[in-house]
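Everything below concerns the one structure shown next.
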Amino acid sequence: MIKLKIACKVFRNQIKKKKGNLKCHGVLSRRRKVIQLVQNPFLHFRTLIHTYFTNTRTTDPIHHYHNPNTMPTLSETYACVPTTERGRGILISGDPKTNNFLYCTARSVVIRNLDNPLKVSVYGEHAYPVTVARYSPNGEWIASADVSGTIRIWGTHNDYVLKNEFRVLSGRIDDLQWSADGMRIVACGDGKGKSFVRAFMWDSGSTVGDFDGHSRRVLSCAFKPTRPFRIVTCGEDFLANFYEGPPFKFNMSIRDHSNFVNCVRYSPDGSKFITVSSDRKGIVYEGKTGAKLAELPSGDGHKGSIYAASWSPDSKQVVTVSADKTAKIWDILEDGSAKLNKTLSFTETGGVEDMLVGCLWQNAHLLTVSLGGTINLYDAKDLDKSPLSLSGHMKNVTVLNLLHRSEKMLLSSSYDGVIIRWIPGVGYSGKFESKQFGLIKLLAAGEEEIITAGFDNKVSRVPLHGDDFGPAKQVDIGSQPKDVSLAVKIPELALIAIESGVVLLKDSTILSTVNLGFVVTACAISPDGSEAIVGGQDGKLHIYSVSGNTLTEKSVLEKHRGAISVIRYSPDVTMFASADLNREAVVWDHESKEVKLNNMLFHTARINCLSWSPDSRLIATGSLDTCVIIYEIGKPAASRRTIKGAHLGGVYGLTFVDNDRVASSGEDGCIRMWTLTSE
């Protein structure tokens with residue numbers, strides 16, 4: 001035991017001496033792990049410490065140390081869009097000091113900048129889907145709530161350090177607001193009994209009032225931004241309740257609406273508040289007493305449910321958004337009466353996706369959010385100017401492809417049938433939301449067409465006409481597709497993997513359906529269409545020569561210990577790579593069929609995707625473990641470069657844009673561009 005204590009002291013001193021080198025990749029937290037490991041007498045101290053400060057790979061439980069000069073850096077993020085729900089408004093909020101704004105999608109809070117929409121950060125520490133997030137008045141903290149009734153309060157700096165976590169309600173939280181002094185938070189939503197609203201101190205969680213008066217789910221709440229403080233809540237019981245405090249107590253119920261009251265908002269100067277409802281009414285009240293002042297004129301009003309409202313910074317105007325697909329700007333006079341100033345119409349698909357369900361007026365910017373998730377960013381000083389549209393995916397981005405054209409363009413698809421174009425350096429460039437081929441599981445892109453497959457037995461070939469799709473040609477191949485591969489030099493030729501074999505497709509004609517006698521999981525066809533590689537459930541790679549409509553087996557390669565998940569030829573066709581569900585990737589020499597790069601076993605879960613750089617020098621793999629790993633041909637696999645936590649929930653799409661940039665997509669709905677610095 002004495003020797004153990006001496007060893008611990010020696011190794012702690014070594015760590016202190018190395019402290020100056022521990023500045024990146026969370027190494028400081030790993031230093032704490034080393035100290036914990038050093039205290040374990042069953043681990044070999046010298047090996048552990050040597051591993052920690054060198055690039056020697058070992059199986060010991062300490063991460064491999066990478067030189068920071070070689071690590072990929074995040075250059076752009078093409079963010080997902082807010083999660084929306086038909087018949088419900090959504091809440092977005094911002095920080096006027098930084099022009100950042102927040103919205104929620106799945107289990108993440110997305111932070112974006114109005115001046116630079118490609119500047120994106122994501123907070124993904126919630127265990128349940130997030131419903132609302134708001135900045136504190138000083139901009140130093142963010143409070144975010146989820147469907148479990150939990151509120152997390154975390155800092156806007158230092159990697160979003162968690163300040164507090166409170167279980168506020170027994171059900172979903174629909175809205176929350178900070179008090180102007182930043183000391184209190186009020187939250188509302190669903191709960192058991194009469195527990196629909198709660199106000200508490202942000203640092204201790206102690207309750208600061210009783211909120212009786214509601215009998216059903218409370219959809220929105222507002223905190224008066226000036227003293228004396230007031231709280232107004234509204235919900236599905238058609239009521240808006242008025243509370244005085246602190247400590248807060250019930251004052252009165254406002255019964256002016258005849259349907260769900262969807263949103264209540266105080267003006268920044270605290271003199272008034274407005275409620276909007278599914279009865280198409282908007283009503284302005286006096287801020288201190290709750291007395292009714294005026295209604296928004298019905299003649300110029302919305303023709304559908306009003307879901308959200310937001311005041312201008314000077315408290316003289318308010319914007320409302322509705323299911324009638326319009327946003328209306330109202331001038332609010334001193335006596336509370338309103339006059340229509342401007343109507344903003346939104347049309348993208350012409351369907352229900354164009355309904356407007358959220359809005360935000362922040363500084364000189366005005367935002368509206370549609371049911372389809374598209375954010376339209378207007379210049380509040382020049383509303384006649386066309387808005388900037390920010391869109392993206394709402395679901396898991398399962399496929400990411402580089403479109404083979406003169407200009408670099410990315411195509412991403414999610415299983416809900418949305419295909420989006422992205423231009424590196426610009427971001428969102430347009431959306432393909434075609435109902436003609438339904439849900440999408442697989443997608444391969446050529447120069448003038450794409451080929452897609454969903455969860456039925458059909459494959460769709462869709463021509464690209466400029467920035468739009470032509471009519472799709474659907475082919476029933478008789479079985480659900482497992483993988484799709486296009487012959488780049490002969491784009492009309494495609495290879496489709498099905499469970500029992502493969503299908504050769506030329507244009508919209510089936511050349512042959514070949515039963516291969518094993519369960520097929522992945523496939524690839526060479527650029528010239530002369531060769532096909534088929535991977536099986538048994539982990540074997542079968543190589544076939546393709547002649548006309550026949551396949552002739554040439555060889556079988558055995559190296560994998562799990563079902564093959566993906567196969568890709570290198571651009572120069574001198575190599576090909578394969579990966580499996582047992583987290584291993586292998587690079588093969590095309591001519592000799594020998595292993596070119598071995599021991600690519602650094603993922604901790606199945607590999608979903610892989611991609612080659614245009615010069616065939618680099619290969620990247622993406623995994624369910626949320627990581628992207630880049631290997632270099634000719635160097636040992638241990639010299640890899642790892643992007644940890646690339647996508648919350650796993651990486652599902654990967655493609656090189658050029659030799660120095662790789663794009664990834666994942667379950668979080670985001671597309672990220674990584675710059676690879678040269679060694």
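The values are calculated or read from the model by the stated rules, or taken from the named source; none is laboratory data. Predicted, not measured: the structure shown is a model, and the values here were computed from it. Cβ: placed from backbone, ideal geometry, glycine included. Neighbour counts: every protein chain shown. Ligands, DNA and RNA are stripped out before the accessible areas are found, and what is left, the full protein with its side chains, is counted by its heavy atoms. Shrake-Rupley method; radii C 1.70, N 1.55, O 1.52, S 1.80 Å.
Observations on the model:
- F250 vs. criteria more than 34 Å from the chain's Cα centre (by Cα) and not aliphatic (A, V, I, L, M): yes
- Residue match in region 564-583 (condition: open to solvent by 30 Å² or more (accessible area, probe 1.4 Å), among the β-branched types (V, I, T), closer than 28 Å to G650 by Cα and part of a loop (DSSP other than H, G, I, E, B)): no
- Pick from region 399-420, criterion of a type outside the set (A, V, I, L, M, F, W, C) and at pLDDT 90 or above, ranking: farthest from W330 (Cα to Cα): N401
- Region 169-180: number of residues that are touching a Gly at 6+ places or on another chain (Cβ under 6 Å) and either among the aromatic types (F, W, Y) or open to solvent by less than 50 Å² (accessible area, probe 1.4 Å) (or both): 4
Let's see how each residue does on (1) open to solvent by 20 Å² or more (accessible area, probe 1.4 Å); (2) within 14 Å of S500 (Cα to Cα); (3) among the acidic types (D, E):
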residue: N515; (1), (2), (3): yes, yes, no
residue: C523; (1), (2), (3): no, yes, no
residue: S526; (1), (2), (3): no, no, no
residue: Q537; (1), (2), (3): yes, yes, no
residue: I543; (1), (2), (3): no, no, no
residue: T552; (1), (2), (3): yes, no, no
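- Strands (runs of 3 or more DSSP E) completely within region 181-277 that count 3 or more residues being open to solvent by less than 20 Å² (accessible area, probe 1.4 Å): 184-189, 197-201, 218-223, 230-235, 240-244, 261-266, 272-277
- Applying the condition of being of a type in the set (A, V, I, L, M) and farther than 25 Å from G454 by Cα to region 399-426 and asking which residue is surrounded by the most Cβ atoms within 10 Å (Cβ to Cβ) yields I423.
- Sub-8 Å Cβ pairs linking a first residue in region 453-476 that is within 16 Å of A494 (Cα to Cα) and among the acidic types (D, E) to a second residue that is open to solvent by 10 Å² or more (accessible area, probe 1.4 Å) and not in a strand (DSSP E or B), at least 6 apart or interchain, are D476/N457, ordered by first then second residue.
- S485 vs. criteria touching a Phe, Trp or Tyr at 6+ places or on another chain (Cβ under 7 Å) and among the polar types (S, T, N, Q): no
- Breaking point among (1) out of contact with any Ser or Thr (no Cβ under 6 Å at 6 or more places or on another chain); (2) open to solvent by 10 Å² or more (accessible area, probe 1.4 Å), for Y103: (2)
For every residue, the table says whether it meets (1) more than 25 Å from S429 (Cβ to Cβ); (2) assigned to a loop (DSSP other than H, G, I, E, B); (3) at pLDDT 95 or above; (4) of a type in the set (D, E).
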{"site": "C609", "(1), (2), (3), (4)": "no, no, yes, no"}
{"site": "G645", "(1), (2), (3), (4)": "yes, yes, no, no"}
{"site": "L648", "(1), (2), (3), (4)": "no, yes, no, no"}
{"site": "Y652", "(1), (2), (3), (4)": "no, no, yes, no"}
{"site": "V662", "(1), (2), (3), (4)": "no, no, yes, no"}
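- Among the residues making up region 152-209, a single one is free of Cβ contacts under 8 Å to residues at least 12 places away in the same chain, farther than 15 Å from F248 by Cβ and in contact with a Phe, Trp or Tyr (Cβ under 8 Å, 6 or more places away or on another chain): V161.
- For N598: the one exception among (1) of a type in the set (S, T, N, Q); (2) open to solvent by less than 10 Å² (accessible area, probe 1.4 Å); (3) touching a helix residue (DSSP H, G or I) at 6+ places or on another chain (Cβ under 9 Å): (2)
- Selection within region 93-122 - closer than 13 Å to L390 by Cα and among the basic types (K, R): R112, K119
- Residue list for region 358-377, filter: farther than 20 Å from S312 by Cβ, open to solvent by less than 20 Å² (accessible area, probe 1.4 Å) and in contact with a strand residue (DSSP E or B) (Cβ under 7 Å, 6 or more places away or on another chain): S370, T374
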